[in-house]
Amino acid sequence: MSEENDERTQVEAAQRDPAGFADLYKQNFCHVYGYIVRRVGNRHQAEDLTADVFREALAGIGNFEWRGVPFAGWLAGIASRVVADHWKRSGRETGNPARDSKAAVASEIEQSTMLAQLVSRLPEAQFRVIHMRFVEQKSTREIAQELGRSEGAVKQLQLRAIESLRAQMEGAHA
């Protein structure tokens, strides 16, 4: 719960002073960039689109309303729209239809938000491993060294976390 309060405090600080947005940017950059690069498949386009997402987020931070959903969920919504717009423009330029329908984008936003909420509820050790592995993109060896655990223990924590997340996501869609 303290992470939620910390994030809320950071958002409110950024709403009062745009310089406070830097912390939110640092915490969420890897997540947003990873999301975009998986969808466009081109590092340079992903960098440009990620910059567009954060530029739009900074411009709209004053309109963000805290509703208990992680800030990353709001960013994921912006990122989804930016990627969809990219493919629409790309489709017009090449004569191909856009790849994402509005329903698919909305569903993906909903899933990303749900996953972010579920990750934040993991036990502390599992949360740290998942965050370090997938957000910070550290190797198992790096995580083990940083946490003072064996690589096997880190792999086990990661496996348990992923199994828990999978079960909860499947349960939500059943």
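The values are calculated or read from the model by the stated rules, or taken from the named source; none is laboratory data. All values reported here derive from a predicted model rather than from experimental measurement. Every residue, glycine as well, gets a Cβ built from its backbone with ideal geometry; the counts of neighbours run over all protein chains shown.
For residues that are under 13 Å from the mean Cα position of the chain (by Cα) and not charged (D, E, K, R), tally how many sit in the stretch 37-54. Total satisfying the criteria: 4.
In the stretch 130-148, which residues are more than 21 Å from Tyr33 (Cβ to Cβ) and surrounded by 16 or more Cβ atoms within 10 Å (Cβ to Cβ)? Selection gives Thr140, Ala144.
The set of residues in the stretch 28-49 being in contact (Cβ under 8 Å) with a residue 24 or more places away in the chain and among the polar types (S, T, N, Q) consists of Asn28, Gln45.
Hand me the list of helices (runs of 4 or more DSSP H) wholly inside the stretch 77-174 holding 1 or more residues that are at pLDDT 90 or above and more than 25 Å from Ala51 (Cβ to Cβ). Show your work before the answer.
Working: elements: 102-120, 124-130, 140-147, 151-173.
Hits in the stretch 77-174: 124-130, 140-147, 151-173.
If you go through the stretch 43-59 and pick out every residue that is in contact with a helix residue (DSSP H, G or I) (Cβ under 7 Å, 6 or more places away or on another chain) and surrounded by fewer than 15 Cβ atoms within 10 Å (Cβ to Cβ), you end up with 1.
For the stretch 12-28, how many residues are out of contact with any helix residue (DSSP H, G or I) (no Cβ under 7 Å at 6 or more places or on another chain) and part of a helix (DSSP H, G or I)?
Here is the first cut: in the stretch 12-28, the residues out of contact with any helix residue (DSSP H, G or I) (no Cβ under 7 Å at 6 or more places or on another chain) are 12, 16-17, 19, 22, 26-27.
If we keep only those that are part of a helix (DSSP H, G or I) as well, we get 12, 16, 19, 22, 26-27.
So the answer is 6.
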